[in-house]
Amino acid sequence: MKKVISIIAAGLAAIALTACSSEKTDTNQTSANADSGKIYEIKFAHVVSANTPKGKAADLFAKRVEELSNGRIKVHVFPSAQLVDDDKVFQELKRNNIQMAAPSFSKFTPIAKEFNLWDVPFIFRDTEHLHKVMDGEVGQILKDVISAKGYIALDYWDAGFKQFSTNKKPIVVPSDAEGQKMRIMSSKVLEEQTKAMKAIPQVLPFGEVYSALQTGVVDAAENPLSNLYNSKFYEVQSSITMSNHGYLGYLVVASEKFWQGLPADLQEVIKTAMREATIYEREESAKEEELLLQRLKDNDKTGTKIFELTEEQKKQWQDLMVGIYPKFYDLVGKDLIEKTLNTK
């Protein structure tokens, strides 16, 4: 009798175990499919107009995400700082009040000093080299720094190389800049760059640059062509030098809280759409630069002269600026600078 009871007990235990196992499997399957009908909303905030390369790329990203996710993700793009400006964007991402943004590199430097790398003068040989740095080991190292701060770093978008402009002697070789008052953003790297040229660094808000150039508070500035043209600095400048000495760009980032709540398959959708948008944005940025340069050559009634650097002149700049790179080792990191220079 005891043997029979023992057999029955064992059988009941087996049935219970099977039921538990089945219940666990069903629960896992339910969990895996729980979000299949949920619609995820993304607020993508940026500070430029919708018709810029960045604005167009953000709109393309929104379109492709909805298509690739079969409508499971809706992206609402807010251009021209409609939702938040770049000075508050990181706290809004932390709070998940916005889910994505594309701040300029300068906005990252207070939380990641390594981002000063992008200001190092003449470190990028050309656009091809720049993009290899972005999309390679150095770019990933910088993304990892941002990820460690609690954000999801997605991809780099272009704003353009910076050019020198002045209302005094054209700045074609370094000695031309001596004594000129150069407007710069607040940056140790840009300050050292300006001093190496024997120019006088003047930190000014961007909104004050036009009047400062007009009145002679500053003599010279450095900007990508989009800033030069759209802010009409050429009206108060006598020359522009296509120096390509520094670079301005953006890093698209997402809220970590939002990202962690997103199913893995939809994370992949965002990555795929972002890669498409990045390629498009870079192409549009290059087209815009060509267009603006041609407009400055053809339509500028103020007669601003445009200078292109020869290889010999470019070497003069590179030789001078390489000499100040050690000053940035503590700020950027010697390893990062060397990895950038050695990227093929």
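The values are calculated or read from the model by the stated rules, or taken from the named source; none is laboratory data. Here the structure is a predicted model, which is why all the values come from computation and not from measurement. Glycine also receives a Cβ, built like all others from the backbone with ideal geometry; neighbour counts cover every protein chain displayed. All accessible areas refer to the heavy atoms of the entire protein, side chains included, with ligands and DNA or RNA removed. Shrake-Rupley method; radii C 1.70, N 1.55, O 1.52, S 1.80 Å.
Computed values, structure above
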read-out: Accessible area (Å², 1.4 Å probe, nearest 10) - Lys63; value: 110 Å²
read-out: Label-point gap, in nm, between Asn342 and Ala286 - each point 7 angstrom along Cα→Cβ; value: 2.8 nm
read-out: Summed side-chain charge close to Val84 - residues other than Val84 whose Cβ falls under 13 Å, Lys, Arg +1, Asp, Glu -1; value: +1
read-out: Degrees separating the helix 311-322 axis from the principal Cα axis of the chain, which is the longest one; value: 60 degrees
read-out: Rg and Dmax of the chain, Cα atoms only, in Å; value: 26.5, 111
read-out: Cα-Cα over 19 Å, subset of Lys169/Lys198; Lys56/Lys113; Lys162/Lys305; Lys54/Lys257; Lys107/Lys188; value: Lys56/Lys113; Lys54/Lys257
read-out: Helix axis angle, 264-299 relative to the chain longest principal axis, alpha carbon, degrees; value: 10 degrees
read-out: DSSP beta bridges in the chain [antiparallel fraction, %, rounded to 5]; value: 55 percent
read-out: Ellipsoid semi-axes in whole angstrom, largest first, where each is sqrt(5λ) of the Cα gyration tensor of segment 183-224; value: 17, 11, 8
read-out: For a label point 7 Å along the Cα-to-beta-carbon line of Lys305, residues of segment 217-245 with backbone N under 14 Å; value: 237-242
read-out: Cα-derived Rg over Rh, computed across segment 231-344 with Rh taken as Kirkwood radius; value: 1.09
read-out: Accessible area of segment 31-113 divided out per residue, in Å², using a probe of 1.4 angstrom; value: 48 Å²
read-out: Separation between Cα centres of segment 262-308 and segment 312-338, rounded to whole Å; value: 27 Å
read-out: Whole-percent carbon and sulfur share, accessible surface of the chain, 1.4 Å; value: 52 percent
read-out: Computed [θ] at 222 nm, deg cm²/dmol, the chain (DSSP H ≥ 4; -39,500 (n - 2.57); rounded to nearest 500); value: -14500 deg cm²/dmol
read-out: Surface accessible to a 1.4 Å probe, Glu66 within the full protein complex, Å²; value: 70 Å²
read-out: Table column - 3J(HN,Hα) (Hz), segment 139-147, Karplus curve with 6.51, -1.76, 1.60, x for Gly and Pro; value: x, 5, 4, 5, 4, 5, 4, 5, 4
read-out: GNM flexibility winner over the chain from His245, His46, His131 (Cα, springs under 10 Å); value: His131
read-out: Degrees separating the helix 2-33 axis from the principal Cα axis of the chain, which is the longest one; value: 30 degrees
